[in-house]
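Heads up, the thing below is written out as structure tokens.
Read the figures in this text as sums done on the coordinates, not as results from a lab. The structure displayed is predicted, hence computed values, not measured ones. Cβ sites come from the backbone with ideal geometry, for glycine too, and all protein chains shown count toward neighbours.
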Amino acid sequence: MAKLAGLPIAAMAMGVAVSAQAAPAFELTPKVVPLARETSLTLQAQPGARFEEIEHEVRIYPMEWRAGSDVAGVTTVKVRPEGGALRISHRFADEQEYLVAVFGNDPKTALASFRVYAVADDLFSRRPYRGDLHQHSHHSDGKESPAYVAAYNRKLGMDFMALTDHHKYAPSLEAIKAFEGLPVDLRIFPGEEVHPPDTGVHIVHFGGKFSVNDLFKTPAYQEGVEQIVASLKEFPAGLNPKSYAACLWALEKIREAGGVSIFCHPYWITGNRYNVPEALITRLFAEKPFDAYEVIGGYWLHQTESNALQVARYYEEVAKGNRVPVVGVSDGHGVHRGLNGWYYTVVLAPSPDYADIRDAIRADYAVAVESLPNAPAARPYGPFRLVKYVSFLLREVFPAHDALCAEEGDAMLAYVAGDQDAVTRLKALQGRVAQLYARLWARE
Ligand SMILES: [Zn+2]
Ligand SMILES: [Zn+2]
């Protein structure tokens, strides 16, 4: 509730004065409601607070106001408290954020104000899951064990993750095995960073059933690349056919493994140049043989230029009509060095099960989020509709989610350090994010 302290400023901007100390005394549920359906909202007085036994006024302001008047679209409902709560019913007409302000005796100063988001059915049936799809353990050039990295991901508020060590799939399985059969809500999926021998392009393989790196040692790889090269027509100058063919072959194998293939950090500056030649970037965007584009991640504060270029490239491709699913990833090489938690993906999926996460990413239901140290707010990148909605979720839902995850992450870290009692704690903590979501989303 502490974050409500930040709301009066926004409320003031909408012409609603809110008395600062009263705000945390009340809670509004649900926060996410279905579009254009009559929905009950409950304003509950919290312990130590109460509504006066008078008629209250609840005003509902749409964020996207209509031209011609700054109060157009505002709904006013009069209601008396019952059992310590105000209950109203409202039909939210547009997919957007609403401010709900409650007034008692003073019609100018709100007792409290809240945010509600109405979404169409395709989004309403989904929940937000935060994940990191690209990071390393001490089995490649990271610092910690797979189990430790996984536990720390939960502490950082991840709902799902994969380890993606360079050339290696086995460490991701080690992370899964470390928590097998334990009461842990973090979903740990397989992964690897794939480095085809004939190209400098880095590809993340997230979630598939077998190692693609291992296939490069088999004759099938060279044969496959030669076949692809032979089949390619019209090759522009500056493009190396073998490099492109190696990408296509690896991306196809990731698909065969059932994984999500991610085109990684094209504007990473390495050896005094960008990681991927411009002609190859252009060809990959034109053909889109990958499932998702790593639009942000993996860069220190002094390397913002790489992310800026990747973001600009994304919006330019989208402006051309190209649909490009995105992910944000830490590409962390040690969870205590930064990066982990700075960049991540919020996927809107029916569940955190692998198939749902994979399908949601491929279907463009994901945004990449940048959450840099000391930044006042996180910054999502992706389709405009999702950026708006996820901005609301990051502000109104994720703080409570993150507090639950942090506690579970501490118990997971204790378990990794050998504390067997941590299993009892984990059992007691299991299922809490699902319960939070059940409370904050309107019933279907
Ligand atoms: Zn890489
Ligand atoms: Zn990496």
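Some observations on this one:
- Each residue of the range 107-120 was assigned a 3J(HN,Hα) from its phi angle through the Karplus expression (A = 6.51, B = -1.76, C = 1.60, θ = phi - 60°), giving x, 9, 10, 6, 5, 6, 9, 9, 10, 9, 10, 9, 10, 5 Hz with x at Gly and Pro.
- Label sites at Gln420 and Trp65, each approximated as a point 7 angstrom past Cα along Cα to Cβ, lie 6.4 nm apart.
- DSSP finds beta bridges in the range 306-406, and of those with both partners inside it, around 90 percent are antiparallel.
- Part-to-part distance (alpha-carbon centres) for the range 347-408 and the range 297-346, which is given in Å: 14 Å
- Relative to the longest principal axis of the Cα atoms of the chain, helix 278-287 runs at roughly 70 degrees.
- In this calculation the C-beta distance from Ala93 to Ala428 is compared with R0 = 60 Å, giving a FRET efficiency of 0.90.
- Aspartates and glutamates with Cα under 15 Å of Lys233, excluding same-chain neighbours fewer than 8 positions away: Glu287
- Sites listed here are GluC sites (Glu not before Pro) in the range 180-281 whose DSSP assignment is loop and whose Cβ has at most 12 other Cβ atoms within 10 Å: Glu180, Glu234.
- Check: the range 127-436 dipole with +1 on Lys, Arg Cβ and -1 on Asp, Glu Cβ, in debye: 500 debye
- Entry note, the chain: the mean residue ellipticity at 222 nm calculated from DSSP H runs of n ≥ 4, each adding -39500 (n - 2.57), is -9500 deg cm²/dmol after division by the residues and rounding to the nearest 500.
- Each residue, Ala36 and Lys233, gets one label point 7 Å from its Cα in the Cβ direction; the gap between the two is 4.6 nm.
- For the chain, fraction of C-alpha pairs farther apart than 40 Å, in %: 26 percent
- Listed residues Val119, Tyr61, Pro196: farthest to the positive end of the dipole of the chain (Cβ charges): Tyr61
- Cα long-axis angle, helix 241-256 against the chain (0 to 90 degrees, to the nearest 10): 50 degrees
- Here the extension length gained between Asp214 and Glu226 equals 2.5 nm, from 0.36 nm per residue of separation less the Cα-Cα distance.
- Paramagnetic reach from Lys388 (point 7 Å along Cα→Cβ, amide N under 18 Å) across the range 327-350: 348
- Gap separating the Cα centres of the range 80-99 and the range 213-234, nearest whole Å: 60 Å
- Share antiparallel - DSSP beta bridges, the chain, percent rounded to 5: 75 percent
- Full extension of the chain between Glu444 and Leu372 yields a length gain of 22.4 nm, computed as 0.36 nm times the residue separation minus the alpha carbon distance.
- For the range 379-393, the Karplus equation 6.51 cos²θ - 1.76 cosθ + 1.60, evaluated at θ = phi - 60°, returns couplings of 10, x, 10, x, x, 3, 4, 6, 4, 5, 5, 5, 4, 4, 4 Hz by residue, with Gly and Pro reported as x.
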